[in-house]
Amino acid sequence: MAESVENLKKRIADLEAQIATLRVGRRVLLNLVARLQQEKKTETSRLEREKHALEMRNKRLARSLLDQSDGPGPRLLELPSLRQKSLK
């Protein structure tokens, strides 16, 4: 009987060690998830700023091309609905 009690105590100690290891692993995983979420948020924000800058650059280029088309050479046509949107 004493042997089985010692075996049970050893088994309990092993299980407690495994629990401690799992807790550390869980913390590491949660930290990784938090870091990945922050990186995703940062990257999304950067891409949104870049998209906005490209849209503005495209709008300026289109306006410049339309202004240049008033001279000699082929004329670029503008739809009235686009002119109204660009004025807003």
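Every read-out reported here was derived from the displayed coordinates using simple, explicitly stated rules and does not represent laboratory data. A quick note: this is a predicted structure, and the numbers were derived from the prediction, not measured. Positions of Cβ are generated from backbone atoms using ideal geometry, with glycine treated the same way; all protein chains shown enter the neighbour counts.
The table for this structure:
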{"item": "Local electrostatic count, Leu29, Cβ distance below 14 Å [Lys/Arg +1, Asp/Glu -1]", "result": "+4"}
{"item": "In Hz, Karplus ³J(HN,Hα) per residue of region 59-66 (6.51, -1.76, 1.60; θ = phi - 60°; x = Gly, Pro)", "result": "5, 5, 5, 4, 5, 5, 5, 5"}
{"item": "Pairwise label distance in nanometres, Glu39 with Gln18, each label 7 Å out on the Cα-Cβ vector", "result": "3.2 nm"}
{"item": "Three-way shape label, region 1-57, alpha-carbon gyration tensor, a/c 1.5", "result": "prolate"}
